[in-house]
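A quick write-up on the structure given underneath.
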Amino acid sequence: MPEFPRMTRRRFAVLAPLLAVGLAATACSPPGGEQTTPNDAAADVSTELGSEKITLEMYAETGFPLAKALADEFTKQHPNVTFNVREDQFTVIVENAPRVLASDNAPDIIRLPTMVDLVKDGLLKNMDPYYKAYGWDKFPASQLVQLRIAEGGVRGEGSLYGMGLGYSVTGVFYHKDQAARIGMTEPPATIAEFEELLAKAKAANLQPIMQFNKNTAGINFPHQALQNQYGDPTRIADWIFQKPGATFDTPAALKATQTIQKWARAGYFPKDANAVDYTAMMGEFGKGNGTFMFNGDWESANLDKQLPGKVGFFLFPGEAADAKRVAMSAPNTFGVGAKAKHPDAAAFFLNWVHTNDKAREISVNVGGSSPGGPADLPLPSVKEGTVLAETLKAAQQLGADNGAVDFTANATGGIFASAITPEMQKLIAGQQTPEGYVKAVQAEYQKELSR
């Protein structure tokens, strides 16, 4: 899940049996493909929960029920451990996290906004000792790559500072009846085939894509889906991870922006997309307004309830039919406060989330995402024919191609609000050019990194 502010259901943020196979940041030479050596110099830790009665302080996100559901199940299995769960909107957590983590009552477990500054300020616990103690080297290395930070603040390498509570995958939802009307018998194999379907939907007086773009740029979903396929995803990952010399101003980003402009001019997005927020998008799609919708698997259970058997899902295709699958994927990140009173118990909980059968089942059925964890652990079973079954299958496909990429919105703490959203809104309104868009995003990125 990007570290997007949560529109209704989730940070947006924000994977996979994919994770059972491998959560990566690129389809070739993925960051995280080689495991970083844990920090052996860190203090000794215990993997024993013990029987002492304790209360774990958890700071989680409002409207995202997975954390609370997992906490409740953990207490059922381990009655000596209870949770005091404080919840806030994601935007509030972003603002409060430094102060809360620095307080004398710092949370044991916290839903993390962007991690780099918190690590630089010494507010998060280095998880390397737990990585070694719990054998997290059995997890696909790429599953944890987005949660590593090296000295100097570069993401994607170095020590581990977080774990995921569910790992999300994004792609394209579609109404099966509308897809049948325009001749779609199977998911498109190429971008060209997808564009043919968009044209057919428009000709059939259907809304080709229902996508929001108010408050936060939901059209960044299809934009990055295109960008992922038009170039080497490694360059996108390097930019998100703030690797020296990385730039957003690439031929792939420009071509993606040109395509988005073309789709907007063709009427493939709602004509008032800049006035449609996330909640409105979901409402309109639920009413059948929109053949396709770019979104994440966190909506799987919701759509299964609202439109049982009527919605499908596929990963966005590449330029060629044999292109490797690439998609935005991110863990719903949680970390342990450096001043946590019960860090060992917090780490025990995070390990339990990934390895306990019931916890993994909750991650799938409540969170709508893969539970991650060791590659040899089976996935919880889900009902065939459901959207959830399709998103989990897509996640497995993505993992097989090692093609998960973080969200460009996560490149810096302010890039999404300061550049991507306003510039995308101007692009859709015809007030910005594709060339101007990519240069504006890169300029803001450089400005933020220079602070």
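Odds and ends about this structure:
- Qualifying residue in region 95-111 (condition: open to solvent by 60 Å² or more (accessible area, probe 1.4 Å), at pLDDT 90 or above and in a loop (DSSP other than H, G, I, E, B)): yes
- Qualifying residues in region 411-451 (those that are surrounded by fewer than 17 Cβ atoms within 10 Å (Cβ to Cβ) and of a type in the set (Ser, Thr, Tyr)) - the one farthest from residue 254 (Cα to Cα): 450
Residue-wise test of (1) farther than 23 Å from residue 189 by Cβ; (2) open to solvent by 10 Å² or more (accessible area, probe 1.4 Å); (3) among the aliphatic types (A, V, I, L, M); (4) not in a loop (DSSP other than H, G, I, E, B).
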| residue | (1), (2), (3), (4) |
| --- | --- |
| 245 | yes, yes, no, no |
| 253 | yes, no, yes, yes |
| 264 | yes, yes, yes, yes |
| 274 | yes, yes, no, yes |
| 283 | yes, yes, no, yes |
| 294 | no, no, no, yes |
| 303 | yes, no, yes, yes |
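- Residues in region 363-376 that are closer than 25 Å to residue 135 by Cα and either in contact with a strand residue (DSSP E or B) (Cβ under 9 Å, 6 or more places away or on another chain) or surrounded by fewer than 19 Cβ atoms within 10 Å (Cβ to Cβ) (or both): 363, 364, 367, 369, 370, 371, 372, 374, 375, 376.
- Among the residues of region 307-330, those identified as under 14 Å from residue 401 (Cβ atoms) and assigned to a loop (DSSP other than H, G, I, E, B) are 315, 316, 317, 320, 321, 322, 323, 324, 325, 326.
- Pairs, first within 12 Å of residue 215 (Cα to Cα) in region 278-290, second at pLDDT below 95 and not in a helix (DSSP H, G or I), C-beta under 6 Å, six or more apart: 278/7; 278/8; 279/8
- Selection status of residue 238, within 22 Å of residue 440 (Cβ to Cβ), within 23 Å of the chain's Cα centre (by Cα) and of a type in the set (Asp, Glu): yes
- Checking the stated criteria, residue 62 turns out not to satisfy the condition of being open to solvent by 30 Å² or more (accessible area, probe 1.4 Å), modelled with pLDDT of 90 or more and touching a strand residue (DSSP E or B) at 6+ places or on another chain (Cβ under 9 Å).
- Look at region 83-101: where a residue is of a type in the set (Ser, Thr, Tyr) and a partner is surrounded by 14 or more Cβ atoms within 10 Å (Cβ to Cβ), sitting 6+ places away or on another chain with Cβ atoms under 6 Å, you get 91/5.
The values are calculated or read from the model by the stated rules, or taken from the named source; none is laboratory data. Keep in mind the model is a prediction, meaning the values are calculated, not measured. Ideal geometry is used to build each Cβ from the backbone, glycine not excepted, and the neighbour counts take in all protein chains shown. Areas reflect the complete protein model, heavy atoms only, side chains present, ligands, DNA and RNA absent. Shrake-Rupley method; radii C 1.70, N 1.55, O 1.52, S 1.80 Å.
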